[in-house]
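The values are calculated or read from the model by the stated rules, or taken from the named source; none is laboratory data. In this text the structure is predicted, and so the values were computed from the model without any measurement. Cβ coordinates were reconstructed from backbone atoms using ideal geometry, including for glycine residues, and neighbour counts include every protein chain displayed. Protein only, heavy atoms only, side chains kept; ligands, DNA and RNA dropped before computing areas. Shrake-Rupley method; radii C 1.70, N 1.55, O 1.52, S 1.80 Å.
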Amino acid sequence: GTEKVILLVDSANLQINGNINVTDGSGFFMALVGKTATGTMGNINVAATVGGAAPQANPNLEGIYESDGIFNDTAANIQLWVRGSVVANGGVSLLRDLVAGNATTPAELFEYAPDQILLYPPKLGVRKLNWKEVAP
């Protein structure tokens, strides 16, 4: 909806088993995945059931998804539509295959969402220090 949600995942991977949608222009979602309990980089895993037959009316995942590990898109024969940003320091694994539909339709569709960038909380951004010298 119109809520702003930031999901911090520490000591585990993030498994996404359903759609994540927000209200365009006012809703914000961000998932941050760090290291797992064993010290390896945490991954974002998207289930094969997330998606739909192309063309779809709405995106399946909206928001900003950031992982120290890999963004894993599980193999499936349905389209995954991500509206937002995906950042994965370990890489992005795209495994969807629409078989005959590949000639005209992307198996994974990434749509830029400037509203998600504009709604990014300023407190999580770079802070500037303002130094002033004063006479003793």
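Report, in deg cm²/dmol and to the nearest 500, the calculated mean residue ellipticity at 222 nm for the chain, where each DSSP H run with n ≥ 4 adds -39500 (n - 2.57) and the sum is divided by the residue count.
-500 deg cm²/dmol
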Approximate spin-label separation residue 41-residue 11, in nm, with each point projected 7 Å along Cα-to-Cβ = 2.3 nm
Considering only protein heavy atoms, with the full assembly of protein chains and a 1.4 angstrom probe, order 92, 22 by accessible area, largest first.
-> 92, 22
Carbon + sulfur, % of accessible area of the chain - ligands and nucleic acids excluded, 1.4 Å | 58 percent
The chain - share of DSSP beta bridges that are antiparallel (%, nearest 5) | 5 percent
Å² per residue, accessible surface of the chain at 1.4 Å = 60 Å²
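Can you tell me the dipole magnitude for the chain around its Cα centre, using point charges on the Cβ only (Lys, Arg +1; Asp, Glu -1), in Debye to the nearest 20?
Magnitude of the dipole: close to 380 debye.
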Full-stretch length increase - residue 3, residue 75 - with 0.36 nm per residue and alpha-carbon distance subtracted | 22.8 nm
Would you tell me the accessible area of residue 70, worked out with a 1.4 angstrom probe on the heavy atoms of the protein chains, in Å² to the nearest 10?
-> 60 Å²
So if we plug the beta-carbon distance of residue 93 and residue 133 into 1/(1 + (r/R0)^6) with R0 = 35 Å, what FRET efficiency do we get, rounded to 0.05?
-> 0.10
Leading residue at positive end of dipole, the chain (Cβ point charges), from 134, 71, 19 = 134
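Could you work out the longest stretch of the chain that avoids the trypsin sites (Lys or Arg not before Pro) located in DSSP loops with at most 16 other Cβ atoms within 10 Å?
Answer - 1-126.
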Among 58, 95, 29, the residue whose Cα sits farthest towards the positive end of the charge dipole of the chain (+1 at Cβ of Lys and Arg, -1 at Cβ of Asp and Glu, taken about the Cα centre) is 29
Please state, rounded to one decimal and in Å, the Kirkwood hydrodynamic radius that the chain gives when every pair of distinct Cα atoms enters the mean of 1/r.
-> 16.3 Å
